[in-house]
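The values are calculated or read from the model by the stated rules, or taken from the named source; none is laboratory data. Everything quoted here is computed from the prediction, not taken from an experiment. Virtual Cβ from ideal backbone geometry, glycine too; neighbours counted across all protein chains shown. To get the accessible areas, we keep the full protein, side chains included, count just its heavy atoms, and leave off ligands, DNA and RNA. Shrake-Rupley method; radii C 1.70, N 1.55, O 1.52, S 1.80 Å.
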Amino acid sequence: MLADWQSIETHPRSTLSELFENDPDRVSGFTMEQSGIYFDFSKTHLNDDLIRKFETLSCGLHVADKIKALFAGEAINISEGRAAEHSAERGRGNEQSVELAAMLRKRMESLVLAIESGALGTIKHIIHLGIGGSALGPELLLNSLAIGDEQYETVVISNIDGTALEPALERFEADKTLLVVASKSFTTSETLLNAQSVIDWMREQGETDPYGRIVALTAAPDKAVEWGVDESRILPFSETIGGRYSLWSSIGFSVALTLGLQSFEDLLAGAAEMDTHFATAPLDQNIPVIAAWSDQYYAQARQCQTRAVFAYDERLTLLPDYLQQLEMESNGKSVTSDGRALGRHSSAIVWGGVGTDAQHAVFQLLHQGTHIVPVEFLAVIEPGHSLGPDHHHGLLLNCFGQSAALMAGQKSDDPNRNYPGDRPSVTILLDTLDAKTLGALIAFYEHRTFVNAALLGINPFDQFGVELGKQMANALMSGESNEMDSSTEQLRKRAFPA
Ligand code: F6P
């Protein structure tokens, strides 16, 4: 396998302009379409020879078998001894898991319908508490898909910083607020503290039974019961669904309630289409696979340590945040699944922002900096507003202009005004931003992350790296901080003088 990697890493380099000159059909050869999403890989340095080399590498690394094992519900999360079954929520996977997911979704749907018909009294506001995967997915969906005429005003709050929660408590009516506590483990301190503060607020506002309006979304129903949630309002999901892959499960309850059950169904249907493509397309025509090959080419052959994602659509502002957790928590590892040192870069550092704003802030570095940053542009053909066409023309054409400029560059005798060009990008163009398309897009990113892990030999489904920091913070909070270093001790004393 080393030879295959080496052959990719030492592959003769052509510039992007040369690749276009040498292949008049480059655009049709390196663009693909699935579920209303157009993927343009032509402005990357991938060419037919590299594709063949990645195909050989992938065969040697059994990528196709790993994809099969994922969908078969095999225990591919080796360190935790379990499967990774987010696709079962979308109807593909081990038969029993698909049945279980469907049954749990029925339970979620019943609760949505009961709340809609007034079973918990009049609900106007929803406070969804969760963090990481229990917040980012629902918030991305709500930000992207809500149009402003929803029946409920829903906020997603994650941070332990009270500045995040307080404005909602100031604005909302306690007797018309539904509290949704989303936590796979039901032990996450930020979420439970925020939940306690909401309960305290409800009580202060005269609510005699705040627990009567709490819904828990969790893979640990016993813990939710212990914490005080009524069993009838606990929506479980399977332990085999990782936090950052959980928006398809009951973690999406607030989304289903706010946007409607049909939207949630559409979301799952879009993801299911991408699952089918990923499960069945040959590797060299498989969109998540090609995207991962491009990622690995830049990470390993060109030593690019970051990838930037710019959504040219305000509705997708949270996408880079969502992808940061998905990709960096999944693949930010130094060892392979069997515990050996990885010996190469793992996940790219994912960063980004929204266009056109980012053009006036960070694009300087992309065009002229010393780092080569593969860029991912996302845009939506159908606008999300009803203002005049100039806005959307300007938005999309700025997006296309940036990728063209990064690739073409511009020579100048004045070094300050020289643009080197040959800087790669991928453009992902959505026909429209509806639940189905967004479901397909998110599933694409999940599968791309999986293929990157498969190529590196990483287990993308555990996240032990987050534990030590939690332990240290807990030790500080409980006062058992004897073993802290002097710098940390001094910081604590300065913030909290005795
Ligand atoms: O600390 C990391 C993490 O475990 C993420 O993987 C997860 O999405 C998040 O915290 C929230 O965890 P939980 O859903 O168990 O509250």
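For this structure, a couple of remarks:
- Residue count for segment 158-169, restricted to those that are closer than 25 Å to L378 by Cβ and more than 16 Å from the ligand (Cβ to nearest atom): 0.
- Scanning segment 126-145 for residues that are open to solvent by 40 Å² or more (accessible area, probe 1.4 Å) and assigned to a loop (DSSP other than H, G, I, E, B) yields a single hit, I131.
- Among the helices (runs of 4 or more DSSP H) confined to segment 384-498, the ones with at least 2 residues that are within 26 Å of S346 (Cβ to Cβ) and either outside the structural domain of E33 (by TED's automatic domain parsing) or at pLDDT 95 or above (or both) are located at 435-456, 467-478.
- Test: residue in segment 178-188 that is hydrophobic (A, V, I, L, M, F, W, C), in the same structural domain as L113 (by TED's automatic domain parsing), on the phi > 0 side of the Ramachandran plot and not in a helix (DSSP H, G or I): yes
- Residue within segment 150-157 that is surrounded by fewer than 22 Cβ atoms within 10 Å (Cβ to Cβ), of a type in the set (A, V, I, L, M, F, W, C) and more than 16 Å from the ligand (Cβ to nearest atom) present: yes
- When segment 158-168 is filtered for residues that are in a helix (DSSP H, G or I) and either touching a residue at least 40 places away in the same chain (Cβ under 8 Å) or open to solvent by 30 Å² or more (accessible area, probe 1.4 Å) (or both), the ones remaining, listed by number, are G162, T163, A164, E166, P167, A168.
- Taking the criterion of being of a type outside the set (V, I, T) and open to solvent by 10 Å² or more (accessible area, probe 1.4 Å), the residues of segment 46-65 that qualify are N47, D48, D49, R52, K53, E55, C59, G60, L61, H62, A64, D65.
- Within segment 279-292, one or more residues are of a type in the set (G, A, S) and open to solvent by 10 Å² or more (accessible area, probe 1.4 Å).
- Conditions (1) open to solvent by 30 Å² or more (accessible area, probe 1.4 Å); (2) touching a helix residue (DSSP H, G or I) at 6+ places or on another chain (Cβ under 6 Å); (3) β-branched (V, I, T); number of the one not met by I78: (2)
- Taking every residue in segment 467-496 that is under 25 Å from T191 (Cα atoms) and away from the ligand (no atom under 16 Å from the Cβ) and pairing it with any residue that is in a helix (DSSP H, G or I) and of a type in the set (A, V, I, L, M, F, W, C), at least 6 positions away or on another chain, the pairs with Cβ-Cβ distances below 7 Å are S481/A475; R492/L476.
- Scan of segment 1-40 for residues that are of a type in the set (D, E, K, R) and within 15 Å of V426 (Cα to Cα), ordered by number: R26, E33, D40
- Qualifying residue in segment 373-381 (condition: part of a helix (DSSP H, G or I) and of a type in the set (A, V, I, L, M)): no
- Boolean, I123 is closer than 25 Å to D200 by Cα and not in a loop (DSSP other than H, G, I, E, B): no
- Qualifying positions in segment 188-216 - touching a residue at least 40 places away in the same chain (Cβ under 8 Å), within 16 Å of the ligand (Cβ to nearest atom) and closer than 13 Å to I127 by Cα: T191, N194, A195, V198, V215
- Residue in segment 217-225 that is in a strand (DSSP E or B) and either away from the ligand (no atom under 13 Å from the Cβ) or not basic (K, R) (or both) present: yes
- Restricting the first member to segment 111-124 and to residues that are not assigned by TED's automatic domain parsing to the domain that holds I234 and modelled with pLDDT under 95, and the second to residues that are among the polar types (S, T, N, Q) and not in a helix (DSSP H, G or I), no beta-carbon pair is closer than 6 Å while six or more apart or on different chains.
- Close contacts from segment 260-277, counting a first residue that is on the phi < 0 side of the Ramachandran plot and a second that is aliphatic (A, V, I, L, M) and surrounded by fewer than 17 Cβ atoms within 10 Å (Cβ to Cβ), with Cβ to Cβ under 8 Å and a gap of 6+ residues or different chains, come to L261/L113.
- Of the residues making up segment 177-198, none is open to solvent by 30 Å² or more (accessible area, probe 1.4 Å) and over 16 Å from G130 (Cα atoms).
- Within segment 128-146, if we keep just the residues that are out of contact with any Ser or Thr (no Cβ under 6 Å at 6 or more places or on another chain) and within 16 Å of the ligand (Cβ to nearest atom), the residue that is nearest to K184 (Cα to Cα) turns out to be G132.
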